[in-house]
Amino acid sequence: MGATPGQAELRPQTPWRSRLAISLLCGLGLVWILLDGGLPIYPPDGAFDHLRPWTVVAYVASLAAVHWFRAARWRHLLRPLGRLSLREVVVVSWVGFGAILLSPLRSGEVVRPYLITTRSSIRMWEATGSVGAERIIDGLALSTILFIGLRRATPLDPLPDHIGDLKVPVAAVPSAAMGVLFLFCSAFLAMAVFYFARDFARRTTQKVFGLVSAPLGTRVADIVDRVAQGIRFLPSPRHLVPFLLETAAYWSINAAGVWLLAWGTGLSGITLAEACVTMGCLGIGILVPSGPGYFGAFQLATYMALAMFFPEDVLLGTGSAFVFLLYVSQVGFHLVALGLGMRLLRRAPESFPKAEALG
């Protein structure tokens, strides 16, 4: 069957085999950096000696709350766009989160907006706009938490000029955090401009891309206009405030869970502020291109955060056990939620024809 115009717009420009190859190369490169730097992927003997097993169970239980809030809050952004149930939003989100985890170069980001279009009257670019807004707000929240955590935490003095055997100064972490905070503040401001000054954004986009081709300028401007439709929640306290409250719950439970698991693994001196720094570095670190499952980027980002607060012998011992358990717990929970979400989706037929939803 021929693809509809909407489907053609969604077709990735880079074939999936190429994306997979690039993703695997990125992952292998990061794993090589870990191994070359002496940062364990699997903890050495004795790393689990101080483990409190009940904290692992408690951490996995906290991931259930984290996963729920992360998925359910999206409904507040979608309600101005169309009618849909909380169950549909949660199930679609769980499948989407699993797709992001497993797909190369985060190409699974398209899964969530695509699936929601088949179960509501919401159109693809509108759903994409809501997901983009969610990502920007999350980035702003996470970088703010990281900035505050760095201010409240007590790092090693002086900070090491290496991480394991990697000649990477730990002092680069706070500087990078400031850069990321500026980036997401700018992105939030740009999002606001695109919504509140849509005519200006459309004209500017059409003019810039029109320098290459007039039809291209018109096409991109149309897409920008439709994406801007997806952030109708922005001026509405009725939708924005509940979303922000559930986002705060999502990140608060996440930070508390990271702190509990770190303490339970044997990093007994870790504070909540240091756990927030760890969570922030991890959340930002997995944005970079990496292998499927964030493998490599996940471990490296977490080690970089811990290196600010723990000496090398602790980092490569008990710290490696924490990094391992954190990764296995999060990836395992995502896969379980993905399986459950796919099962529930199969039981719920699509409500809208694909061609209509994608238009």
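The values are calculated or read from the model by the stated rules, or taken from the named source; none is laboratory data. Fair warning: this is a prediction, and the values are worked out from it, not measured in the lab. Backbone-built Cβ (ideal geometry, glycine too); neighbour counts: all protein chains shown. Ligands, DNA and RNA are stripped out before the accessible areas are found, and what is left, the full protein with its side chains, is counted by its heavy atoms. Shrake-Rupley method; radii C 1.70, N 1.55, O 1.52, S 1.80 Å.
Counting only helical runs of four or more DSSP H residues, what would the 222 nm mean residue ellipticity of the chain come to if each run contributes -39,500 (n - 2.57) and the total is spread over all its residues? Working shown, then result.
Working: 16 runs with 251 residues, N = 359.
Result for the chain, helices only: -23000 deg cm²/dmol.
Using only the alpha carbons of segment 280-325, determine the length spanned along each of the three principal axes and report them from longest to shortest in whole angstroms.
The Cα atoms of segment 280-325 stretch 29, 17, 12 Å along the principal axes, largest first.
Hull surface divided by four, with the convex hull built on the Cα atoms of segment 159-206: how many nm²?
4.8
Provide the per-residue ³J(HN,Hα) series for segment 170-179, in order, calculated from phi with Karplus coefficients 6.51, -1.76, 1.60 and θ = phi - 60°, each as a whole number of Hz, with x at glycine and proline positions.
5, 4, 6, 5, x, 5, 5, 4, 5, x
Between 326, 233, 179, whose Cα lies farthest towards the positive end of the dipole of the chain when Lys and Arg beta carbons carry +1 and Asp and Glu beta carbons carry -1, centred on the Cα centre?
233
Which residues' amide hydrogens lie under 5 Å from the amide hydrogen of residue 79, considering only partners 5 or more residues apart or on another chain, with H built in the peptide plane?
The list, which skips near neighbours in sequence, is empty: none.
Mind checking the angle between helix 16-36 and the chain's longest principal axis? C-alpha axes, 0 to 90 degrees, to the nearest 10.
It is inclined by approximately 20 degrees.
Let me know the whole percent of all Cα-Cα pairs from segment 87-143 that are separated by more than 15 Å. The partial results should precede the final answer.
On the way: 823 of 1596 pairs.
The proportion of pairs with Cα distances above 15 Å equals 52 percent.
Quote the accessible area belonging to residue 203 in square angstrom, nearest 10, computed with a 1.4 Å probe and with ligands, DNA and RNA left uncounted.
Solvent-accessible area, nearest 10 Å²: 150 Å².
For the chain, report the translational diffusion coefficient in µm²/s to the nearest whole number, using Stokes-Einstein at 4 °C, 1.567 mPa s, and a Kirkwood Rh over Cα pairs. Could you put the intermediate results ahead of the total?
Values: Rh = 21.7 Å.
The diffusion coefficient I find is 60 µm²/s.
Running a GNM on the chain with Cα contacts under 10 Å, which residue among 342, 308, 124 ends up with the highest mean-square fluctuation?
Result: 342 has the largest fluctuation of those listed.
Evaluate the Debye formula for segment 194-261 with equal point scatterers sitting on the alpha carbons, no solvent, and hand back log10 of I(q)/I(0) at q = 0.16, 0.21, 0.24, 0.27 Å⁻¹, in q order, two decimals.
-0.66, -0.81, -0.93, -1.04
Quick one: what are the phi-derived ³J(HN,Hα) couplings along segment 145-161, Karplus 6.51/-1.76/1.60 with θ = phi - 60°, whole Hz, x for glycine and proline?
Karplus-based 3J(HN,Hα) across segment 145-161 equals 4, 4, 4, 5, x, 5, 6, 8, 7, 10, x, 4, 9, x, 5, x, 9 Hz.
Any chance you could give the angle, 0 to 90 degrees and rounded to 10, that helix 297-306 forms with the longest Cα principal axis of the chain?
50
Using a 1.4 angstrom probe on the protein heavy atoms only, line up 204, 302 by accessible area, largest first.
The ranking, largest first, comes out as 204, 302.
Rounded to the nearest 10 degrees, what's the angle between the helix 318-347 long axis and the longest principal axis of the chain, both from Cα atoms, 0 to 90?
That helix lies at roughly 30 degrees to the long axis.
Which order do 320, 103, 121 take by accessible area at a 1.4 Å probe, largest first? The partial results should precede the final answer.
On the way: 320 0, 103 30, 121 65 Å².
Ranked list, largest accessible area first: 121, 103, 320.
Ordering 157, 222 by how much accessible area each has at a 1.4 Å probe, largest first, what is the list?
Working: 157 145, 222 55 Å².
Solvent-accessible surface, decreasing: 157, 222.
Give the span of segment 225-295's Cα atoms along each principal axis, as three whole-Å numbers ordered largest to smallest.
Result, largest extent first: 50, 31, 15 Å.
Could you report the chain's accessible area per residue, 1.4 Å probe, as an integer in Å²?
Values: 16900 Å² over 359 residues.
Spelled out: the 1.4 Å probe surface of the chain, per residue, equals 47 Å².
How much of the accessible area of the chain, probe 1.4 Å, is carbon plus sulfur, in whole percent?
Whole-percent figure for carbon plus sulfur exposure: 67.
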